[in-house]
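Engineer: Before we start, here is the structure in question, set down as structure tokens.
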Amino acid sequence: MTRDAEARDELPDWAGAKEFYQKYDPKEIIGRGVSSTVRRCIHRETGRQFAVKIIEVTPERLSPEQLKEVRLSTAKEMEILHHVSNHPSIISLIDSYESSTFIFLVFDLMKRGELFDYLTEKVTLSEKETRCIMRSLLEAVYYLHTNNIVHRDLKPENILMDDCLNIKLSDFGFSCILKPNEKLRELCGTPGYLAPEILKCSMDETHPGYGKEVDLWACGVIVFTLLAGSPPFWHRRQMLMLRMIMDGRFQFGSPEWDDRSSTAKDLISRLLEVCPEKRLTAEQALQHSFFQSHQRDQDTPVKRSQRFRIAAWAALACVRILVRWRRARPITSQLLMRDPYGIKGVRRLIDACAFRIYGHWVKKGERQNRAALFQNQPKALLLAMGDDDERDLEM
């Protein structure tokens, strides 16, 4: 075969890549996956910014089985995204191109990045922020479920944020469309977010399987993580962690949960229900008092009794603030050395610094977790920030 004939044969394989590069100008890398890279890109005609997920499908990097699996999962993800891209809290697939070596998927650019990174920066979120994020996420999940789609990989890494902190759900690689009364048996997802029925199904051949309820369990794990700064289920030994999940064993420990509302704890408890039939649906979760207590129709007048109650609570809050201010202890070097984690402001500072120092090895991965940082002693973390002497870094 001549060189010209070879070039003609190869031309169709590169047509998709050529079309992408003619339309978009790829820029810096903003994310990485196992077999993919995410770059910021610019539409050449309009100058609008997007994100492109470039998936490598070469025999040099992947086995034939892996190549087939990547292509099938990508095609399935594209099919699902075409069904649900119109929802405001779900990432939109703008364009797609394919060659013999690469698949290009063009999405909305979410400049703030992953919710995971935002949480790492903030350590914990307020109930107000959590309420806003979870309402949008649950609305997206409700939309998916009404279209008989289960996501199966809900986690902060797959929730993207823009500059206004609006979120969009992404990464539908594990998603699938359920047929009526269909149950799933495949073990997939991220360990810390797996529902008990997924684990039981993988261990018991007689198990009936699982359904959409697994997404609500993952939502419960996300709410807990946003408010506490660490996940509800974590252990150094993965088998013990999986046992905790199957038993539904978690606790609202101190001091992380001392100042959290009872409605937030109740929502989490109802989402982290081991029995799928008793677990809240997305629609029921959106109707929970955690979301309803801070919403009121603008046209609805405030009753006198409500005004009196608000004034009473405001007066009580002022009294409590005054009492706590008078009882406040001065922060001395001795107090910081003795109990740095007992002071809320200092505790947040320690956690934030710890995440920045060790974030490179707890960022992602099945065997790595934010909760690993909490296995260290707070005093050692404080010393690590202020003293480089290796003798003082007792982990």
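The values are calculated or read from the model by the stated rules, or taken from the named source; none is laboratory data. Computed from a predicted model, the values in this text were never measured in an experiment. Note that each Cβ is placed from the backbone with ideal geometry, even for glycine, and that neighbours are counted across all protein chains shown. Note: areas computed on protein heavy atoms with side chains; ligands, DNA, RNA excluded. Shrake-Rupley method; radii C 1.70, N 1.55, O 1.52, S 1.80 Å.
Engineer: Expressed as a fraction of 2.2 N^0.38 Å, the rule-of-thumb size for a compact globular protein of N residues, what is the C-alpha radius of gyration of the stretch 23-108?
Structural biologist: 1.12
Engineer: If you don't mind, another one. Is there a quick way to get the dipole size of the stretch 23-108? I mean about its Cα centre, with the Cβ of Lys and Arg at +1 and of Asp and Glu at -1; what is the value in debye to the nearest 20?
Structural biologist: With only Lys, Arg, Asp and Glu charged at Cβ, the dipole is about 200 debye.
Engineer: On to the next question. Probe radius 1.4 Å, ligands and nucleic acids ignored: give me the carbon and sulfur share of the accessible area of the stretch 23-108 as a rounded percent. All intermediate terms of the calculation are to be shown ahead of the outcome.
Structural biologist: Details: 2350 of 4640 Å².
Result for the stretch 23-108: 51 percent of the exposed heavy-atom area is carbon or sulfur.
Engineer: Hey, got a sec? Which GluC sites (Glu not before Pro) in the stretch 185-222 land in a DSSP loop and have at most 13 other Cβ atoms within 10 Å? Display every interim value, and only then the final one.
Structural biologist: Numbers: sites: GLU186, GLU197, GLU205, GLU213; in loops: GLU186, GLU205.
For GluC sites (Glu not before Pro) across the stretch 185-222 that sit outside H, G, I, E and B with at most 13 neighbouring Cβ atoms in 10 Å, the list reads GLU186, GLU205.
Engineer: Check which residues have an amide H placed less than 5 Å from PHE102's amide H, if you skip close sequence neighbours.
Structural biologist: VAL57
Engineer: Place a +1 charge on the Cβ of each Lys and Arg in the stretch 1-160 and a -1 charge on the Cβ of each Asp and Glu, then give the dipole magnitude about the Cα centre in debye, rounded to the nearest 20. Before the final figure, lay out the partial values.
Structural biologist: Working: 23 positive and 26 negative charges, 113 e Å.
Here the stretch 1-160 has a charge dipole of around 540 debye.
Engineer: Hey, another quick one. Just read off the accessible area of VAL84 with the full protein assembly in place, 1.4 Å probe, to the nearest 10 Å².
Structural biologist: Ignoring ligands and nucleic acids, VAL84 comes out at about 0 Å².
Engineer: Here is a follow-up. With θ set to phi - 60° and the Karplus curve 6.51 cos²θ - 1.76 cosθ + 1.60, what are the ³J(HN,Hα) couplings of the stretch 165-173 in order, to the nearest whole Hz, using x for Gly and Pro?
Structural biologist: Karplus values, whole Hz, x for Gly and Pro: 6, 6, 10, 9, 7, 9, 6, 9, x.
Engineer: To the nearest 10 Å², what's CYS188's accessible area with a 1.4 Å probe?
Structural biologist: We get 10 Å² for CYS188.
Engineer: Tell me, what ³J(HN,Hα) does each residue in the stretch 246-263 have, in order and in whole Hz, if you take phi through Karplus 6.51 cos²θ - 1.76 cosθ + 1.60 with θ = phi - 60° and put x for Gly and Pro?
Structural biologist: 5, 8, x, 8, 8, 9, 8, x, 9, x, 4, 9, 5, 10, 9, 6, 5, 5
Engineer: Share of antiparallel DSSP beta bridges in the stretch 23-108, in percent to the nearest 5? Spell out each step's value before the answer.
Structural biologist: Numbers: 25 of 25 bridges.
So the antiparallel bridges amount to about 100 percent of the total.
Engineer: What accessible area, in Å² to the nearest ten, does a 1.4 Å probe give for MET78?
Structural biologist: Its accessible surface works out to 40 Å², give or take rounding.
Engineer: Right, here's the next one. Could you list which residues have their amide H under 5 Å from that of ILE149, counting only those 5 or more apart in sequence or on another chain, with H placed in the peptide plane?
Structural biologist: Hits under the 5 Å cutoff: LEU178.
Engineer: Indicate the gyration tensor shape class of the stretch 176-284 (rounded, prolate or oblate), computed on the Cα atoms with a ≥ b ≥ c the square roots of the eigenvalues: a/c under 1.5 is rounded; otherwise a/b larger than b/c is prolate and the rest oblate.
Structural biologist: Oblate, since a/c reaches 1.5 and b/c is not below a/b.
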